[in-house]
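Please treat every number below as a calculation from the coordinates, not as lab data. The structure displayed is predicted, hence computed values, not measured ones. All Cβ positions, glycine included, derive from the backbone under ideal geometry; neighbour counts span all protein chains shown.
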Amino acid sequence: MVLLGHGGSGHKAIDLHRRLALQLATGMGVACLAIDGPYHGDRAVPGDDPLDYQKRVVAEGPVAVHTRMCQEWLTVLEAASKAWGLDGTAVGYFGLSMGARYGIPVCAALGARLRTAVLGKFGLATDDPMMAAMAVDELVRRFAAQITAPLLHHVQWNDEIFPLHGQLELFDTFTSPEKSMRARPGPHHQTRADDVTAWSEHLSRLLTPRS
């Protein structure tokens, strides 16, 4: 199965997740699982604006939020595996931006269960004050260095939130012997239809048995 981590101001049922899950489930037989990120979706505080989650993460403590989200993913994975008879020993992860921020510790914690991951639109540098306040770069570096599964890292070359040099530094930090970079021109939020296809093909290639 593939765990789907959404970006900031999104939620578990965003259109991107639906499109990616449709390709993976109907075309390739791969189950998908998504949960809301911190203070997002069903976890959002009533009355909050879309970006108020950032202040709440800073108030709770970025390290505490990373730890909580990692444990919640592992708990949901175990429960879903038992409830639906899914293979919890062959897991993929997909996450962009905030989905990558909180997904990197999850990928590391999965260990040998992680067969592949698609991460991107995230890096070890930012010019955005609130993004910097939520950052735990040393923690991210430590966990990224523990990821050895085949990895596709998506980079937006003109990302205005996570500058290119920080994205490239993150790519260098991953220790997977089979890692590749998909670099596209454009700003942070730009996603093309062929990007979704490339992400799903990468995930399915490592998760679907070949005859």
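Going by how many other beta carbons lie within 10 Å of each one, how would you line up 81, 200, fewest first?
Ranked by crowding around the Cβ, least crowded first: 81, 200.
Nothing charged except the Cβ atoms of Lys and Arg (+1) and of Asp and Glu (-1): what's the magnitude of the dipole of the chain about its Cα centre? Round to the nearest 20 debye.
660 debye
Each residue of region 106-113 in turn: what ³J(HN,Hα) in whole Hz from Karplus with 6.51, -1.76, 1.60 and θ = phi - 60°, glycine and Pro shown as x?
5, 4, 5, 5, 5, x, 5, 5
For region 1-106, what does the relative contact order come out to in percent, with C-alpha contacts under 8 Å and a separation of six or more?
Averaging sequence separation for qualifying contacts and normalising by length gives 42 percent for region 1-106.
If the cut-off is a Cα-Cα distance under 25 Å, which lysines reach residue 12, setting aside same-chain residues fewer than 8 apart in sequence?
Candidates past the 8-residue exclusion: 55, 82, 121.
Using the Cβ atoms and a cut-off under 11 Å, what net charge is assigned to the surroundings of residue 126, where Lys and Arg are +1 and Asp and Glu are -1?
-4
Please give me the summed charge of the neighbours of residue 145: other residues whose Cβ is under 15 Å from its Cβ, Lys and Arg +1, Asp and Glu -1.
-1
Give the shape of the chain as rounded, prolate or oblate, defined through the alpha-carbon gyration tensor: a ≥ b ≥ c are the square roots of its eigenvalues, a/c under 1.5 means rounded, and otherwise the shape is prolate if a/b is larger than b/c and oblate if not.
Since a/c stays below 1.5, the shape of the chain is classed as rounded.
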